[in-house]
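Some notes on the structure that comes next.
The values are calculated or read from the model by the stated rules, or taken from the named source; none is laboratory data. For clarity, every value in this text was computed on a predicted model and none was experimentally measured. Cβ sites come from the backbone with ideal geometry, for glycine too, and all protein chains shown count toward neighbours. Side chains included, ligands, DNA and RNA excluded: accessible areas come from the protein's heavy atoms. Shrake-Rupley method; radii C 1.70, N 1.55, O 1.52, S 1.80 Å.
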Amino acid sequence: MSEITITIDGRQVETAEGSSILQAALDAGVYIPSLCYQPDLEPYGACRLCLVLVDGMNAMQPACMTKAVDGMVVHSDVPEVNDVRRTICELLIADHPESCLTCSSNQRCELQEIAAYLGISQQRLPAFERESILDESNPFFVRDLSKCILCGRCVRACQELRAVGAIGFAGRGYDTHVSTFMEEPINLTVCESCGECIDRCPTGALSVKSEALPPSREVRTICPYCGCGCGLVLGVRSGRIVQVRPETEHPVNRGSLCVKGRFGLDFVHSEDRLTTPLVRRDGRLTPATWDEALDLVAENLNRAKSQYGPDSVAGLSSAKCTNEENYLFQKFMRAVVGTNNVDHCARLCHASTVAGMARAFGSGAMTNSINEIEGAGCIFVIGSNTTEAHPIIALKIKAAVLKRGATLIVADPRKIELARFADVHLRQRSGTDVALLNAMMKVILDEGLADEDFIEERTENFAEFRAILEQSDLESAARITGVPAEDIRRAARMFAGAERASVIFAMGITQHTTGSDNVFALANLAMLTGNVGKESSGVNPLRGQNNVQGACDLGALPDVLPGYQKVDDPAARGKFEEAWGVPLPDEPGLTVVEMMNAAHEGRVKAMYIMGENPMLSDPDLTHVGEGLKNLDFLCVQDIFLSETAQLADVALPAACFAEKDGAFTSTERRVQRIRKAVAPPGAARPDWRIICDLSGRMGYEMRYDHPSQIMDEMAALTPIYGGISYDRLEPYGLQWPCPDAEHPGTVFLHEGGFARGLGKFHPTPFREAAELPDDEYPFILTTGRFLYHFHTGTLTRRTEGLEEISPPAPFEIHPRDAASEGIREGDVVELSTRRGAVRARAVVTERSRPGTIFMPFHFREAPANVLTNPALDPIAKIPELKVCAVKLEKLREMG
Amino acid sequence: MTFAEIQKRAEATWRQFRGGPGALVLVGDASCGRAAGSSEVIDAIRSELGKIGKQARVVSVGCLGICYAEPLVEIALPGTASVLYGKVTPAAAKELARWHVGKGEPRADLALATTNGASLDGVPRLEDLPMMQGQARLLTRNCGRIAPDNIDHYIANGGYQGLAKALTMSPEDVITEVERSGLRGRGGVGFPTGRKWRFVYEAAGSSKHIVANAEEGEPGTFKDRFLLESDPHALLEGMLIAGYAVGAGEGHIFVQAHYPALARTLRTAINQAYELGLCGAHALGADFSFELELRTGISSYVCGEETGLLESLESKRPVPRARPPYPAQAGLWAEPTVVNNVETLANAPLILERGADAFRSLGAADSPGAKLFTLAGDVSRPGVVEFPLGVTLRRLIEGAGGGLPEGAGLGAVLLGGIAGGFLPPEYLDTPVDFDSLQPAGAMMGTGAILVADESRCVLDILLNQLEFLSDESCGKCVPCRLGARQMLNIVKAITEGRGRATDVENLKRIGAAMKVASACGLGQAAPNPVLSAIRHFGSVYEAHIGRGVCPAGVCPMHGERKQA
């Protein structure tokens, strides 16, 4: 876009062709007052404060809606214009309550700012009589319409950016107001409490309930919830977080957050935090000193190691902890204990992704970046409830569809929110993804829509793949999946027909005994249509935890050292042995579910668990509990006394994300800094320090003054992180691979060639799930997440408001199934599988596919994983959390 | 059917209608007639005819514009004078049925005028009625004479000849003809119609639209409703001509939902035009296809604003759009669109049929043609009249309107609708056209003329207007939404005896800001009544504020009436 020059109040201002006068002024730092303009929203022209005079135009023009034209001469700060602005501003003030002293927006109110700019010192117009109209129904924020100036920023953000539409305008004339549907309180609407509207509000009409005092300083960091990697700004006063706001300049979230990131951080200052080490004495966990606790851990781990060998010890690292901590944890397990028995919850989410994509492409991460989604012509979302599990990534999908006309294919048994935006929604029976994807690929091949050049030049093993595909046909796929053949065909044509098509997937694909096959099939689809290695396309697994990508990258996996260097590769191992000064084990260790089995069988005697809660997150909890109880020794290091920590012999209090420095790696391979904002409570310490302390007691010195030194060590040993250091992570991180200090990072992978050379097609014949419904257990049970909670609820359930919006413990059932089972909304129902039973509250909804029960795994009151099937994918060892057979028994009518 | 065949059939129908056997009874049954009791009159005539065993064709027609004398009944019986009766009560209607229809004896005592030139005991001819004298009767030529639900009546009286002629010309020639006529928009702004059409003709895009703005939410303005209820095909023909000229394939008529009778009339008219092949694919066999639809929208003043109307047509909140782009560039569904007022479009058939020169022969140089005016308020003969532009206020109020009732003195004239300006009696001899009134701070607008006698208080009238404007602002832009409300509050305080010395200054300041800063015409025009009242009736403000007195004794100063 070419540059043009305009003159504003005598100042030469350069701007891009097509921008408005107001945007040009803002970019150049020239102030023109405005209340309704927001650079990322459509110009609105309501406040009329940005009126300017333009030479050659006879009337005053709103600068926000007037395009800058080369050579234009604009007059803004002139008496003629300011007189009009003053009157407009006085009209607003006359209609505004005189409650500045008690208003939470005092001193940060844009109306005040403009009044000051215009030099309004007295109220010449009579004040309107306005009643305060408060809506306090939302647990997090208050709406006070009497302070609303109708700039529409909240409405437009809710509609244009979030595509939620919880609010709109109602009434006309002086009665015009921001309204919910049918004027209901906001908590009864589709509002998702993302808080976007609050940030946008120029006055105190929308304010956060908990924000009493403004922060005295602000700390930039990264959200601790999902893998989106949103920039957060923590406002701190007197050692406490008093405000959370999105970082407006952050390249991913660009000023947006979801409800968890913005309002879900109460856990940091929770009364329930672990503040002192606990040691089990006489069967009860009692406070102890760090020395006592660490000595006890060292002693027990050493004992197991010497009595039963290093492989009798197993460790679970944490996708919630930093890269540095994950690196140290696996180093501790490998170099100090001497075992490869280290894994973490990635096993339960994306093990099949890492296994499948590494085999197909040579790398297991998102091939493309989050912002590229907006540029895709077709987006295929399969097995990802993106709006709830990755809300900010969902915004990019919505933007692609609503603003750029991308087509959207949603494949999900549930009628997830994205289905509302989809061109075609494929509601496949859970566990039949391979059949669905094979059928789509068959259509693409049969109709000559495949990218033959790409297949020829960039891939291998196509013939074998094709041979298997020939066995599938559309009609039988339609029968297997329950998706009409015509919809499969439409989806196939849509995907193959797009210039750039992007696959987005998550646990709906991976958590199956066919998880690796599912991923292979998606990789096949992308290669078949030439959609890898270019912008806005690719195969994009959305990682569930803030740092699950980093935990994998840094080797918290039983088969690989940091940077996916295999433990059985002597050269790689040799490099680490030299750096760490000890011999390392060469056999891949146990995976999560295998560890639990080994504990059950007595092969694993001691475990060290950092920041994980297998007592809620793992399949078949009864079995997990028995295994953990069977251990000789269990050490759990956490910020809370989680369900797992309650079983520990020693519990160590850790610092949370806001209390330490470090780096997280988001789902788009973006390595970003987190920064200490407040001190850990009581005696709690950062995980990296605890590992160092423990290591020293076990005879291996780890000396680091600051996580940046750990990062430097990591970089030296991990080629994909080779060029990464703390200096280079400012301001918004780097995307790996980043092999050297000059490398700018990598936006999308496999350009020109795959990481493994040629992309490899893997034939994927369809297999059914391990456990299918039968007469005794007639329904399919599938599990997942809600928007308002995260994982096992350890963090989110400490925020009262989230609990209020999304109380425990529901399951979802289709109205037809509810009718046949005599179940009504709110009834308490016992759900049981071959492994156990839980009681939950019925939510009757068409979101559920007929025949399929959905249950979130957030709630300890009804732990879904008591029910789930621990059957494993043969390659990735991921359990089948998404499909098992369940039966229902109504216990109680709704009260 | 060719157009000639259509015409032939229509003429036969019309002959049968006017000259058929037995009595023809026409009852003015438009909204004004109905409000005055036309339905009861029709019932009374029918029942009386039944009683006396007489046959007659009782037909509902539109309005002659003589609204003050509604209900109107015209009786034509071969061999007798055709007579127009006014203010017909059900009792009088029975008399007419018995005497004029039953015995062939017209009732001169109840008559208003004769309509076929026959003489009857000092009853004047219709055209000699004081209200009708000097009228142009072009747009109104069929009003009250033809049955609005019968397309043949329209065609037999010259209807669709303008379209037939246009279809023999090139679209560009049609536009040139309209440009030459000097026709300016009748919705109030007076933008040259031909130029607007040319913009759309030249705009890129294969799909274009004609939108007829029949919203007419302006209080005191009822000319479009009058025209559509009386002669709906004039609009349809105008839209077809416009569509052909600019290359539009679709026409949309926007009517407010609370005019159901009008909507029915229009729907019937559209169906009839389709049946005769006057619209739809290959209108009149020409290489021109035009689909017509009627849309009823929410009743909101701002829907009369052309872009507010377009938003409403697209099923959105009627919030005016920012310009540019103008509707001619990006209108309905972002496609090039002509938005014209009903009266503007209804002029097109006349221009095409009779030529631009004939059109220009009436009216003022910069404001050619005739214009509908609605007379209301303190005037002896309220109604709708059609005069050449440039007619004086005196001619309209004292001539057609018959002056003020019971010889009351003129206080003020509110011109151009709710957001128009107040004029004092000194301006009675100013010509009324698009431009002449501007120096006086007023505008012709829609042609609404509201007369207030000396007993009224200008501020009391203002209050009413400001309440309306404050309620009907779309609410989006600050100067309009809050400016109108602030003015209302200030004027209200003044009329209640709570005026402050700074009020007039504040009103002026707010008005000035609204004029330049409001986003659309509604807000820009909204301060007109306040500002014009300050200019011409400053002493009224002064009396209220300075002396605490309402000179007219109308305003509830301090809660009680105070005489000057």
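Would you confirm, using the coordinates I've provided, whether residue B:358 is touching a residue at least 12 places away in the same chain (Cβ under 8 Å) and of a type in the set (Gly, Ala, Ser)?
Values: touching a residue at least 12 places away in the same chain (Cβ under 8 Å): no; of a type in the set (Gly, Ala, Ser): yes.
No, not satisfied.
May I ask you to verify whether residue A:115 is free of Cβ contacts under 8 Å to residues at least 40 places away in the same chain, over 15 Å from residue B:516 (Cβ atoms) and open to solvent by less than 30 Å² (accessible area, probe 1.4 Å)?
Working: free of Cβ contacts under 8 Å to residues at least 40 places away in the same chain: yes; over 15 Å from residue B:516 (Cβ atoms): yes; open to solvent by less than 30 Å² (accessible area, probe 1.4 Å): yes.
Answer is yes for this residue.
Filter segment A:46-62 down to the residues that are over 14 Å from residue B:516 (Cβ atoms) and in contact with a strand residue (DSSP E or B) (Cβ under 7 Å, 6 or more places away or on another chain) and list them by number. Reasoning before the result, please.
Initially, segment A:46-62 is screened for residues over 14 Å from residue B:516 (Cβ atoms), giving A:46-47, A:55-56.
Selection gives A:55 alone.
Do the conditions hold for residue A:26, that is, is it among the hydrophobic types (A, V, I, L, M, F, W, C), open to solvent by less than 70 Å² (accessible area, probe 1.4 Å) and not in a strand (DSSP E or B)? First the steps, then the outcome.
On the way: among the hydrophobic types (A, V, I, L, M, F, W, C): yes; open to solvent by less than 70 Å² (accessible area, probe 1.4 Å): no; not in a strand (DSSP E or B): yes.
So residue A:26 fails the test.
If only one of A:88, A:120 is assigned to a helix (DSSP H, G or I) and either β-branched (Val, Ile, Thr) or open to solvent by 20 Å² or more (accessible area, probe 1.4 Å) (or both), which one is it?
Numbers: A:120 fails: assigned to a helix (DSSP H, G or I).
The match here is A:88.
Any idea which of A:64, A:50 is under 20 Å from residue A:202 (Cβ atoms), within 14 Å of chain B (Cβ to nearest Cβ) and within 37 Å of the chain's Cα centre (by Cα)? Before the answer, list the steps.
Values: A:50 fails: within 37 Å of the chain's Cα centre (by Cα).
Result of the check over A:64, A:50: A:64.
Counting just the residues of segment A:684-714 that are surrounded by fewer than 22 Cβ atoms within 10 Å (Cβ to Cβ) and in contact with a helix residue (DSSP H, G or I) (Cβ under 6 Å, 6 or more places away or on another chain), which one comes out nearest to residue A:270 (Cα to Cα)?
Among them, the one singled out is A:693.
For segment B:277-394, give me every one of the strands (runs of 3 or more DSSP E) that falls completely inside it and has 1 or more residues that are closer than 23 Å to residue B:253 by Cβ and at pLDDT below 95.
So the answer is B:291-297.
Hey, any hits in segment A:668-680 for a residue that's touching a Lys or Arg at 6+ places or on another chain (Cβ under 7 Å), surrounded by fewer than 24 Cβ atoms within 10 Å (Cβ to Cβ), closer than 26 Å to residue A:298 by Cα and at pLDDT 95 or above?
no
Filter segment A:91-112 down to the residues that are open to solvent by 80 Å² or more (accessible area, probe 1.4 Å), in contact (Cβ under 8 Å) with a residue 60 or more places away in the chain and hydroxyl-bearing (Ser, Thr, Tyr) and list them by number. Quick ask: steps written out before the conclusion?
Within segment A:91-112, the subset open to solvent by 80 Å² or more (accessible area, probe 1.4 Å) is A:98, A:101-102, A:107-108.
From what's left, in contact (Cβ under 8 Å) with a residue 60 or more places away in the chain: A:107-108.
Matches in segment A:91-112: none.
In this structure, is residue A:149 in contact with a Pro (Cβ under 8 Å, 6 or more places away or on another chain), part of a helix (DSSP H, G or I) and within 14 Å of chain B (Cβ to nearest Cβ)?
On the way: in contact with a Pro (Cβ under 8 Å, 6 or more places away or on another chain): yes; part of a helix (DSSP H, G or I): no; within 14 Å of chain B (Cβ to nearest Cβ): yes.
No: the conditions fail for residue A:149.
Quick one: which residue in A:820, A:832 is out of contact with any His (no Cβ under 8 Å at 6 or more places or on another chain), without any contact (Cβ under 8 Å) to a residue 24 or more places away in the chain and hydroxyl-bearing (Ser, Thr, Tyr)? Outline the logic, then answer.
Details: A:832 fails: without any contact (Cβ under 8 Å) to a residue 24 or more places away in the chain.
Matching residue, one of A:820, A:832: A:820.
Among the residues of segment A:123-146, write down those that are assigned to a loop (DSSP other than H, G, I, E, B) and within 14 Å of chain B (Cβ to nearest Cβ). Walk me through it before giving the result.
Just the residues of segment A:123-146 that are assigned to a loop (DSSP other than H, G, I, E, B), to begin with: A:123-133, A:136-140.
Answer for segment A:123-146, where residues must be assigned to a loop (DSSP other than H, G, I, E, B) and within 14 Å of chain B (Cβ to nearest Cβ): A:123, A:124, A:125, A:126, A:127, A:128, A:129, A:130.
Which strands (runs of 3 or more DSSP E) does segment A:189-259 wholly contain that include 2 or more residues that are without any contact (Cβ under 8 Å) to a residue 40 or more places away in the chain? I'd like the intermediate steps shown before the answer.
Numbers: elements: A:206-208, A:217-222, A:231-237, A:240-246.
Correct list: A:217-222, A:231-237, A:240-246.
Could you name every one of the strands (runs of 3 or more DSSP E) located completely within segment B:15-119 that has at least 2 residues being over 30 Å from residue B:260 (Cβ atoms) and open to solvent by less than 20 Å² (accessible area, probe 1.4 Å)?
Details: elements: B:23-28, B:56-61, B:73-76, B:83-85, B:111-114.
Where strands (runs of 3 or more DSSP E) fall fully within segment B:15-119 and carry at least 2 residues being over 30 Å from residue B:260 (Cβ atoms) and open to solvent by less than 20 Å² (accessible area, probe 1.4 Å), they are B:111-114.
Modelled with pLDDT of 95 or more and open to solvent by 30 Å² or more (accessible area, probe 1.4 Å): does that describe residue A:810? If you could, list the steps in order and put the result at the bottom.
On the way: modelled with pLDDT of 95 or more: yes; open to solvent by 30 Å² or more (accessible area, probe 1.4 Å): no.
No; evaluated as a whole, the condition is false for this residue.
Find the residue count for segment A:753-789, including only residues that are in a strand (DSSP E or B) and within 22 Å of residue A:840 (Cβ to Cβ).
Just the residues of segment A:753-789 that are in a strand (DSSP E or B), to begin with: A:754, A:757, A:759-760, A:779-784.
Narrowing further to those that are within 22 Å of residue A:840 (Cβ to Cβ): A:779-784.
So the count comes out to 6.
This table checks each residue for (1) at the interface with chain A (Cβ under 9 Å from one of its Cβ atoms); (2) open to solvent by 10 Å² or more (accessible area, probe 1.4 Å); (3) farther than 26 Å from residue A:124 by Cβ.
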position	(1), (2), (3)
B:429	no, yes, yes
B:438	no, yes, yes
B:445	no, no, yes
B:459	no, no, no
B:465	no, no, no
B:485	yes, yes, no
B:491	no, no, no
B:496	no, yes, no
B:502	yes, yes, no
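Can you tell which of B:515, B:508, B:476 is within 14 Å of another protein chain (Cβ to nearest Cβ) and either in contact (Cβ under 8 Å) with a residue 40 or more places away in the chain or assigned to a loop (DSSP other than H, G, I, E, B) (or both)?
Details: B:515 fails: either in contact (Cβ under 8 Å) with a residue 40 or more places away in the chain or assigned to a loop (DSSP other than H, G, I, E, B) (or both); B:508 fails: either in contact (Cβ under 8 Å) with a residue 40 or more places away in the chain or assigned to a loop (DSSP other than H, G, I, E, B) (or both).
Every option except B:476 fails the conditions.
So, in segment A:90-112, of the ones that are over 41 Å from the mean Cα position of the chain (by Cα) and more than 9 Å from chain B (Cβ to nearest Cβ), which residue ends up farthest from residue A:30 (Cα to Cα)?
A:98
Given the conditions (1) within 14 Å of chain A (Cβ to nearest Cβ); (2) open to solvent by less than 10 Å² (accessible area, probe 1.4 Å), and given that residue B:290 satisfies all but one, which numbered condition is not satisfied?
If we test residue B:290 against (1) within 14 Å of chain A (Cβ to nearest Cβ); (2) open to solvent by less than 10 Å² (accessible area, probe 1.4 Å), just (1) comes out false.
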